[in-house]
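Chemist: Before anything else, here's the structure in question.
The values are calculated or read from the model by the stated rules, or taken from the named source; none is laboratory data. Just so we're clear, the structure is a prediction, and the values are computed from it rather than from any experiment. All Cβ positions, glycine included, derive from the backbone under ideal geometry; neighbour counts span all protein chains shown.
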Amino acid sequence: MQALKILLYVFSFIAILSVLLPFIKKDFWAFRVFDYPRLQKFTIIGILSVCWFAFFRESKFWLDLTIMIFLSVAFFYLLYLILPFTFLGKKMIDRVSGKGQKKINLLVANIYQYNDKYQKLLDLVKKRNPDVVFLVETDKKWLEAVQELREDYPHFIEIPLENTYGLLFYSRLPIKNYEINYLIDEEIPSIIADLEFYNQTIRVFGLHPTPPVPQENEHSTDRDAEILLIGKMAKEHEGPCVVIGDLNDVAWSYTTKLFLKTSELLDPRRGRGMYSTFHAKYPLLRWPLDHYFVSSHFRLVDMKVEKHIDSDHFPISICLVLSHKDDEDKMQADQEDNELVEEKIEAGLEGNPL
């Protein structure tokens with residue numbers, strides 16, 4: 001029993017620390033990386049709480065009582081954060097059947113640059129038959145491997161790179177105009193494309209910022225700044241728009257919430273599920289990194305995490321219809337939020353981590 005108690009002390013301390021660290025609003029990776037595994041932390045803390053109350057609920061030792069209280073508070077705090085991404089949460093965007101309506105289908109896939117199972121991606125595109133295909137982590141080999149997409153998708157933007165930040169964008173809809181931007185880092189592109197959709201224009205923002213991990217970028221500053229810059233651009237655009245890509249941030253993070261307030265876009269995940277896309281090869285280590293955020297002009301027909309294509313990410317698809325603008329469920333930034341957004345963007349542009 002003593003050995004069990006020692007183990008509970010160790011794991012409880014680590015679990016509680018993992019919940020507390022994200023409260024430190026610093027961009028260093030060691031703080032930001034704990035934003036990701038919310039569901040995993042919730043499950044582990046639940047198990048630890050059950051063990052404590054099953055074996056040591058009658059303990060009067062102050063440390064035991066303190067740990068049990070902290071675990072209980074952490075459990076319900078994480079539940080509060082997770083609930084919006086379950087069927088119990090409030091939906092930000094309504095679902096419609098799509099029958100008789102003009103639909104736009106999109107497919108986003110981080111293909112993992114070193115993955116050479118090109119045909120799996122091509123088979124998925126053929127099966128899903130989307131109107132827009134957005135591929136990230138694409139180099140020249142991937143560009144050559146998917147050239148046949150040009151037959152069905154005659155409008156495209158191709159930016160193959162060898163640094164795992166290449167982008168390939170293919171559209172069946174005409175691209176009226178587009179921009180390739182390097183908003184924060186001269187080696188990390190993002191795109192803006194205006195698509196012609198039945199005499200209307202849909203603006204698509206596609207991005208793939210760096211994650212806050214030691215082998216990529218030790219701080220989240222660049223990622224946060226790029227996401228928030230795109231958010232400001234989306235808000236300034238008065239027409240229908242969609243932000244898509246691997247944002248290297250989870251749907252429930254503080255940065256994503258700040259992005260939703262800044263952009264006033266809607267998250268179709270809320271009230272429906274997590275739609276976790278990473279890591280495809282480790283079921284116990286999964287969270288939502290690949291996203292669709294849409295303006296209030298859209299209604300949801302369907303969203304789906306697709307089958308494995310031998311990448312470390314699952315592709316994710318969405319089907320939308322255009323409707324009247326409905327701003328009822330959007331988030332809005334207050335003065336403090338706007339000041340923080342500007343501070344984060346300035347830090348990213350100047351290369352000074354917060």
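Chemist: Can you list residue pairs whose Cβ atoms sit under 6 Å apart, with the first residue in the range 205-217 being under 30 Å from F156 (Cβ atoms) and in a loop (DSSP other than H, G, I, E, B) and the second being among the small types (G, A, S) and modelled with pLDDT of 90 or more? Count only pairs 6 or more apart in sequence or on different chains.
Modeler: Going by the 6 Å Cβ cut-off, the qualifying pairs are H208/G245.
Chemist: Continuing with the same structure: I'm trying to understand the selection: among the residues of the range 179-192, which are crowded, with 19+ Cβ neighbours inside 10 Å and over 19 Å from E137 (Cβ atoms)?
Modeler: Once the filter is applied, which keeps residues that are crowded, with 19+ Cβ neighbours inside 10 Å and over 19 Å from E137 (Cβ atoms), the range 179-192 yields only I192.
Chemist: Go through the range 194-217 and report how many residues are among the hydroxyl-bearing types (S, T, Y) and either in contact with a Pro (Cβ under 8 Å, 6 or more places away or on another chain) or surrounded by fewer than 19 Cβ atoms within 10 Å (Cβ to Cβ) (or both).
Modeler: So the count comes out to 2.
Chemist: Need pairs with beta-carbon distance below 9 Å; first residue at positive phi and outside the structural domain of D310 (by TED's automatic domain parsing) and within the range 101-123, second of a type outside the set (F, W, Y) and modelled with pLDDT under 95; sequence gap 6+ or separate chains.
Modeler: Filtered contacts from the range 101-123: no entries.
Chemist: How many residues, within the range 130-172, are on the phi > 0 side of the Ramachandran plot and of a type in the set (A, V, I, L, M)?
Modeler: Total meeting the criteria: 0.
Chemist: While we're on this one: Can you report the number of residues in the range 131-145 which are part of a loop (DSSP other than H, G, I, E, B) and surrounded by fewer than 22 Cβ atoms within 10 Å (Cβ to Cβ)?
Modeler: Of the residues in that region, 2 qualify.
Chemist: Tell me which of these K60 doesn't satisfy, since it passes every other one: (1) touching a residue at least 12 places away in the same chain (Cβ under 8 Å); (2) loosely packed, with under 15 Cβ neighbours inside 10 Å; (3) more than 22 Å from L265 (Cβ to Cβ); (4) not hydroxyl-bearing (S, T, Y).
Modeler: Checking K60 against (1) touching a residue at least 12 places away in the same chain (Cβ under 8 Å); (2) loosely packed, with under 15 Cβ neighbours inside 10 Å; (3) more than 22 Å from L265 (Cβ to Cβ); (4) not hydroxyl-bearing (S, T, Y), the one that fails is (1).
Chemist: Still on this structure, I have one more. Can you tell me which residues in the range 154-170 are hydroxyl-bearing (S, T, Y) and more than 11 Å from L135 (Cβ to Cβ)?
Modeler: Listed by number, the residues that qualify are T164, Y165.
Chemist: Right, here's the next one. Suppose we filter the range 273-319 for residues that are free of Cβ contacts under 8 Å to residues at least 24 places away in the same chain and of a type in the set (S, T, Y); how many remain?
Modeler: The total comes to 1.
Chemist: I'm checking my understanding of the structure. Among residues of the range 1-47 that are outside any helix (DSSP H, G or I) and in contact with a helix residue (DSSP H, G or I) (Cβ under 9 Å, 6 or more places away or on another chain), which one is surrounded by the fewest Cβ atoms within 10 Å (Cβ to Cβ)?
Modeler: M1
Chemist: Next up: What's the number of the only condition in (1) in contact with a Gly (Cβ under 6 Å, 6 or more places away or on another chain); (2) surrounded by 18 or more Cβ atoms within 10 Å (Cβ to Cβ); (3) of a type outside the set (A, V, I, L, M, F, W, C) that G89 fails to meet?
Modeler: (2)
Chemist: Is it true that some residue in the range 24-44 is without any contact (Cβ under 8 Å) to a residue 24 or more places away in the chain and either of a type in the set (D, E, K, R) or over 22 Å from E218 (Cα atoms) (or both)?
Modeler: Scanning the range 24-44 turns up at least one residue that is without any contact (Cβ under 8 Å) to a residue 24 or more places away in the chain and either of a type in the set (D, E, K, R) or over 22 Å from E218 (Cα atoms) (or both).
Chemist: Of the residues R223, R269, R299, which single one is over 27 Å from L340 (Cα atoms) and among the basic types (K, R)?
Modeler: Being over 27 Å from L340 (Cα atoms) and among the basic types (K, R) holds for just one of R223, R269, R299, which is R299.
Chemist: Hey, another quick one. Could you pull out the residue among R269, R299 that is under 13 Å from P84 (Cβ atoms) and among the basic types (K, R)?
Modeler: Just a single option satisfies the conditions, and that option is R269.
Chemist: Here's something else I'd like to know. Could you count how many residues in the range 185-199 are touching a residue at least 40 places away in the same chain (Cβ under 8 Å) and assigned to a strand (DSSP E or B)?
Modeler: Residues that pass the stated criteria total 4.
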